[in-house]
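A short worksheet on the structure shown next.
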Amino acid sequence: MRDVYNRVTKQIISSLETGTRPWIRPWKVDNSSGSIQRPLRSNGIAYRGINVLLLWSEAFVKGYSNPTWITFKQALDLGGYVRKGERASPVFFSSTYSRAAADDATGEEIEHTSSFLRSYSVFNVEQTECLPSSFYQRPHHIIDEGQRLSRVEGFIAATHAQVEHGGSQAYYAPTVDRIQMPLFVTFHDPLDYYATLIHELIHWTRHKNRLNREFGQQRFGDRAYAMEELVAELGAAFVSADLNLTPEIRDDHASYIASWLEVLQQDKRAIFAAAAHAQRASDYLHSLQRSLADHPQTPALTGTSV
């Protein structure tokens, strides 16, 4: 398989150069459920990391609203088939191999393990025929707006992050380990508020006592700053999808596209690294949800404090 990193990075760069962020725009595709979710395997398990970005991008370009992707063989095994002439989309997984080599100093044989990417092809369910009817049924949106926002509030409260409200800027201050947010009532709508706060929570996971994520000394506009912002952007997209939130595109993030393009053009593996860090940050926030059960009296979010 030829340069996977280069091929995938070119695909992401192509989208960014048109002003389209592939981890946001696909969610705007209309569907009857009104819900947002990660791409799914045939067994209902969600894709992770870089594959989320690739399949969201494919869904947007080709207009798919069904979240499920399936291999050619899986379609046959289920009694269906992929329509003639349909083109597959690649997804990737990491694998390892081991080899024995003599140590230069001692001459002893040592086993070395290396990792590499492998790919396989999938088709969206909308490219198939005659699968069981459940594959073609769009999910029902059973949570009303008020309940969905309450669940998001619970998700954020369970992290026990320190969030203070006031002023006109949203940011995470690592020196004091605090998130600063404008007042709830100053946002255009609740979704805008929650999308912004989740973005800052991804930044919050970088703290040395959490994921200890560092890309070097960060100054506004440099590569390290751009990488951390890209991780927060992707991580917030992943979490928003998990919470059935339709994210708002923050105006200040438009200026980041140029810096992201520069990073991706210089390093063909950067988007893979950013997606991996974003997945770890998303997983970390999900892992904290058990704390809500441990602390049932945790207050919901308010307009002044968390």
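The values are calculated or read from the model by the stated rules, or taken from the named source; none is laboratory data. What you see is a predicted model, and the numbers here were worked out from it, not measured in a lab. Glycine also receives a Cβ, built like all others from the backbone with ideal geometry; neighbour counts cover every protein chain displayed.
Please work out if R21 is under 16 Å from the mean Cα position of the chain (by Cα), at pLDDT 80 or above and in a loop (DSSP other than H, G, I, E, B). For R21, the condition - under 16 Å from the mean Cα position of the chain (by Cα), at pLDDT 80 or above and in a loop (DSSP other than H, G, I, E, B) - is not met. A count restricted to the range 163-199 and to residues that are among the polar types (S, T, N, Q), within 21 Å of A237 (Cα to Cα) and free of Cβ contacts under 8 Å to residues at least 24 places away in the same chain stands at 2.
State yes or no: is V29 touching a helix residue (DSSP H, G or I) at 6+ places or on another chain (Cβ under 8 Å), of a type in the set (A, V, I, L, M) and modelled with pLDDT of 80 or more? For V29, the condition - touching a helix residue (DSSP H, G or I) at 6+ places or on another chain (Cβ under 8 Å), of a type in the set (A, V, I, L, M) and modelled with pLDDT of 80 or more - is not met. Taken over the range 119-133, residues that are hydroxyl-bearing (S, T, Y), over 21 Å from G49 (Cα atoms) and either surrounded by fewer than 17 Cβ atoms within 10 Å (Cβ to Cβ) or in contact with an Asp or Glu (Cβ under 7 Å, 6 or more places away or on another chain) (or both) amount to 1.
Yes or no, residue by residue, for (1) in the same structural domain as L149 (by TED's automatic domain parsing); (2) modelled with pLDDT under 85; (3) aliphatic (A, V, I, L, M):
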{"site": "R213", "(1), (2), (3)": "yes, no, no"}
{"site": "R223", "(1), (2), (3)": "yes, yes, no"}
{"site": "V231", "(1), (2), (3)": "yes, no, yes"}
{"site": "A237", "(1), (2), (3)": "yes, no, yes"}
{"site": "S240", "(1), (2), (3)": "yes, no, no"}
{"site": "T246", "(1), (2), (3)": "yes, yes, no"}
{"site": "D252", "(1), (2), (3)": "yes, yes, no"}
{"site": "S259", "(1), (2), (3)": "yes, yes, no"}
{"site": "A270", "(1), (2), (3)": "yes, no, yes"}
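What residue, among those in the range 159-170 that are at pLDDT below 95 and among the small types (G, A, S), is surrounded by the most Cβ atoms within 10 Å (Cβ to Cβ)? Across the range 159-170, the extreme among qualifying residues is A170. In the range 199-210, is there at least one residue being modelled with pLDDT under 95 and part of a helix (DSSP H, G or I)? Yes, there is a match, as at least one residue in the range 199-210 is modelled with pLDDT under 95 and part of a helix (DSSP H, G or I).
Could you say whether any residue in the range 71-91 is out of contact with any Gly (no Cβ under 6 Å at 6 or more places or on another chain), at pLDDT below 90 and charged (D, E, K, R)? Within the range 71-91, not a single residue is out of contact with any Gly (no Cβ under 6 Å at 6 or more places or on another chain), at pLDDT below 90 and charged (D, E, K, R). Can you find a residue in the range 33-42 that is surrounded by 11 or more Cβ atoms within 10 Å (Cβ to Cβ), in the same structural domain as Q11 (by TED's automatic domain parsing), of a type in the set (K, R) and modelled with pLDDT under 70? The answer is no, given that none of the residues of the range 33-42 is surrounded by 11 or more Cβ atoms within 10 Å (Cβ to Cβ), in the same structural domain as Q11 (by TED's automatic domain parsing), of a type in the set (K, R) and modelled with pLDDT under 70.
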